[in-house]
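Before any comments, here is the structure.
The values are calculated or read from the model by the stated rules, or taken from the named source; none is laboratory data. All figures in this text were calculated on a predicted structure; none of them were measured in a lab. Every residue, glycine as well, gets a Cβ built from its backbone with ideal geometry; the counts of neighbours run over all protein chains shown. These area figures cover heavy atoms from the full protein model, side chains too; ligands, DNA and RNA do not enter into them. Shrake-Rupley method; radii C 1.70, N 1.55, O 1.52, S 1.80 Å.
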Amino acid sequence: MSKANLYKAPRGTFDILPGQSYKWQWITEKFREIASVFNYREIVTPIFEVVDLFERSVGSTTDIVEKEMYIFTDRKDRVFALRPEGTAPVVRSTIENHLQKDGNISKLFYLGPMFRYDRPQKGRYRQFYQYGIELIGSRHPYNDAEVIWFADMFVRNLGIKDFCLEINSIGCPKCSIEYDKVLVSFFSKYKPDLCPDCHNRIATNPKRLLDCKVSKCRTIAKDAPLILDYLDQECDYHFKNVCSYLDYLNIKYDINPFIVRGLDYYNRTAFEITDTSRKTQNALLGGGRYDGLFATLGGSDTPAIGFAGGFERLIGAMEQNNLCFGNEPAPDAYLIIIGDRAVPEGLKLIMELRDKGIKTEYNIEKNSLKAQMKAAANSKARYALMLGDDEIDTKTITIKDLDKGIQNTYPQEYLITFLIKS
Ligand code: AMP
C-alpha cells in the first residue's frame, strides 16, 4: 500500500523534473545566445529586496504591490519582499554599483524566479521564472525598436509562429495630466457597472481601467478615449519614430492603444507579445520604457527600456505546437560488463571514455547480459559496449548500435575514435 505524500510543493509552485529540465535548459541557452548577439551581459540580483523598493517603483496602487507580494520580516524586523519582478532590482543594483556612466549605454539581462501571490492556474504560478533585458542610458527611439527586435527574434527563434506583437505609447506624466482627466470623466459615467477593482482605479490609476480583464469593464473600455490622441508633440514624435525603426527592421506589429502595462514606472513605449493560439494566460512577454525610474529610486535622471517574459508560457506555447527543444539528454554509450574478470578492464574503459567527454553509463547493480541490454535500451544510449572474457582475451570490444540494431566487434584501440566520430 502506498503512503499518502507527507509533503507537497507549495500551491502555485512546481518542480522542474528531469523529463522537463532539458527544455528549460534549451530555452535558456537560446535566450543567452540572442543576448550575446545583441551584446547584453548578465546581471544576477538577490531574490529578495527591501519591500519599499517595489512599493516605490512598481507603485503602491498596482495589483502586484497591493495584493501579490510575498512579504516577510527577518530576525531584525527588517521588511523584505520576494521579488515580484526584475526591473526594480536591476535599477537598484545599477545605481548602487555605479554601473551606468553618463553617455554610455548598459545592456543587461537577467534570468530567475519571481514571486507573486496570485490565484494559481495553468500558465500562472506563485513562483515563476522570467527572462528579461534592460537597455539603460538611451532615450533614442531606435533603442525602443532594438529592444522590441530582441523580443521578436527570441520568440521567432524558438519556432513560435502564432504570436502577435502589439505596441502603444502611454505618453509621459505631462500627457497623463490631461488624459487621466478625460479617462476619469469617461469611466465615472459607468461607475455602477465597473468591477470593484476598477472602482478604485478611477481614483488611483485611471489608465489601468483600460486593461481590466473583467468582460463588463472591457466592453465599457472599448469606447474610452485613446491615449494616442492625447500624446504631446515629443511623445507623439517618439512613438512615430519607434514605428519607423520597426518598419526599417521589417518587424511586424500592431498598434494597440489598450496596452498600458500594469506597473507605474512605465512611460512612452509599451509593448507585449501574445500567444494567439491561447485565450487565457497568453501574454508571452511585455515591456516598455521607464525613463523616470532611476530618479524615483534615488539615481540620476537615466532613461531606460526593457522587457520581461515568463518561461512557463513559452514552454506551454512550444509544447502546444510540438516544437523541438533539442534532444532529450541520453548517454553516448552504455557499458555492459559480462563476468567478474572484465570489471577492472571495464572500469578503466569507462574512465577513459568519460575523460574524453564521451557520455558513458554503467550500472554495477545489474549482472546478466539480458538485464544490462534492457537497461542500455532504457537509457536511450546510442551504443551498447560489451566487454566479456572473449573481448578481454582479444583486446576487442563489441559495439551494438542501438538505433540500427547492428552489432560488430572492433579492436579496443579504435573505440574512442569510433565514438568521437559517430
Ligand atoms: P509582467 O511583469 O506582469 O509584465 O509579466 C511579464 C511576463 O511574465 C508575462 O508576460 C508572463 O509571460 C510572465 N508572468 C507574469 N506573471 C506570471 C505568473 N504569475 N505566472 C507565470 N508567468 C507570469
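Converting phi to 3J(HN,Hα) with the Karplus coefficients 6.51, -1.76 and 1.60 and the offset θ = phi - 60°, the range 183-194 yields 5, 4, 5, 5, 6, 4, 5, 10, 3, x, 8, 7 Hz in sequence order, with x at every glycine or proline.
Filter the cross-link list 107/213; 23/348; 366/395 down to pairs whose alpha-carbon distance in this structure exceeds 30 Å. Pairs exceeding the cut-off: 107/213; 23/348.
Ordering 311, 163 by accessible surface, largest first, gives 163, 311; the 1.4 Å probe counts only protein heavy atoms, with every chain in place. Rounded to the nearest 5, the antiparallel percentage of DSSP beta bridges internal to the range 333-421 is 60%. Rolling a 1.4 Å probe over the protein chains gives residue 99 an accessible area of about 80 Å².
Between the Cα long axis of helix 369-379 and the first principal axis of the chain there is an angle of about 20°, rounded to the nearest 10. A simple spin-label model places the labels of residue 380 and residue 47 2.7 nm from each other, with each point 7 Å out along Cα-to-Cβ. The residues neighbouring residue 298, those whose beta-carbon lies less than 12 Å from its own, together hold a net charge of -1 under the Lys/Arg +1, Asp/Glu -1 convention.
For the range 274-364, applying the loop criterion from DSSP together with a ceiling of 10 other beta carbons within 10 Å to the trypsin sites (Lys or Arg not before Pro) yields 279. Over all projection directions, the Cα-based convex hull of the chain averages an area of 28.5 nm². For the chain, which whole-number percentage of the solvent-accessible area (1.4 Å probe, protein heavy atoms only) is attributable to carbon and sulfur atoms? Carbon with sulfur: 50 percent of the solvent-accessible area. Accessible area per residue was computed with a 1.4 Å probe on protein heavy atoms; residue 215 scores about 80 Å². Loop-located GluC sites (Glu not before Pro) in the range 334-386 (DSSP state not H, G, I, E or B) with no more than 15 neighbouring Cβ atoms inside 10 Å: 365. If r is the Cβ-Cβ distance from residue 301 to residue 24 and R0 is 41 Å, what FRET efficiency results, to the nearest 0.05? My answer for the efficiency is 0.60.
Within the full protein context, the accessible area of residue 374 is estimated at about 140 Å² for a probe radius of 1.4 Å. A Förster distance of 25 Å, applied to the separation of the beta-carbon atoms of residue 413 and residue 369, puts the FRET efficiency at 0.55.
DSSP assigns beta bridges within the chain; of those with both partners inside it, close to 85 percent run antiparallel.
Here the simple spin-label model places points 7 Å from the Cα toward Cβ, and for residue 204 and residue 321 these points are separated by 3.7 nm. Solvent-accessible surface of protein heavy atoms, probed at 1.4 angstrom with all chains present, puts 98, 199 in the order 98, 199, largest first.
Estimated at 0.36 nm per residue, the fully extended path between residue 252 and residue 36 surpasses their Cα-Cα distance by 75.4 nm. Largest accessible area first, the listed residues 153, 351, 318 line up as 351, 153, 318 when surface is computed with a 1.4 Å probe on the assembled protein chains.
Of interest is the spacing of the C-alpha centroids, which for the range 184-213 and the range 99-158 amounts to 29 Å. Other residues with beta-carbon under 13 Å from the beta-carbon of residue 160 carry, at +1 per Lys or Arg and -1 per Asp or Glu, a net charge of +1. Of the cross-linked pairs 359/421; 30/356; 161/240; 191/216, those separated by over 22 Å at the C-alpha level are 30/356; 161/240.
Principal-axis analysis of the Cα atoms of the chain puts helix 233-248 at an angle of about 30° to the longest axis. Evaluated at 37 °C with a viscosity of 0.692 mPa s, what Stokes-Einstein diffusion coefficient in µm²/s does the range 333-421 have when Rh comes from the Kirkwood expression over alpha-carbon pairs? In µm²/s, the coefficient is 256.
Fully extending the segment from residue 340 to residue 195, taken as 0.36 nm per residue of separation minus the present Cα-Cα distance, adds 44.7 nm. In the range 150-303, one over the average inverse separation of all distinct C-alpha pairs is 16.7 Å, which is the Kirkwood hydrodynamic radius.
Available extension along the chain between residue 215 and residue 234 is 3.4 nm, counting 0.36 nm per residue and deducting the alpha carbon span. Between residue 422 and residue 142, the FRET efficiency from the beta-carbon distance, with R0 = 41 Å, is close to 0.30. Taken over the range 118-168, the percentage of Cα pairs per 5 Å bin, counting from 0 up to the bin with the maximum distance, is 4, 14, 19, 19, 19, 16, 7, 3. Heavy atoms of the protein chains alone define the surface here; on that basis the range 333-421 has 62 Å² accessible area per residue at 1.4 Å probe size.
Projected label points at residue 13 and residue 403, each 7 Å from Cα along the beta carbon direction, are separated by 4.0 nanometres.
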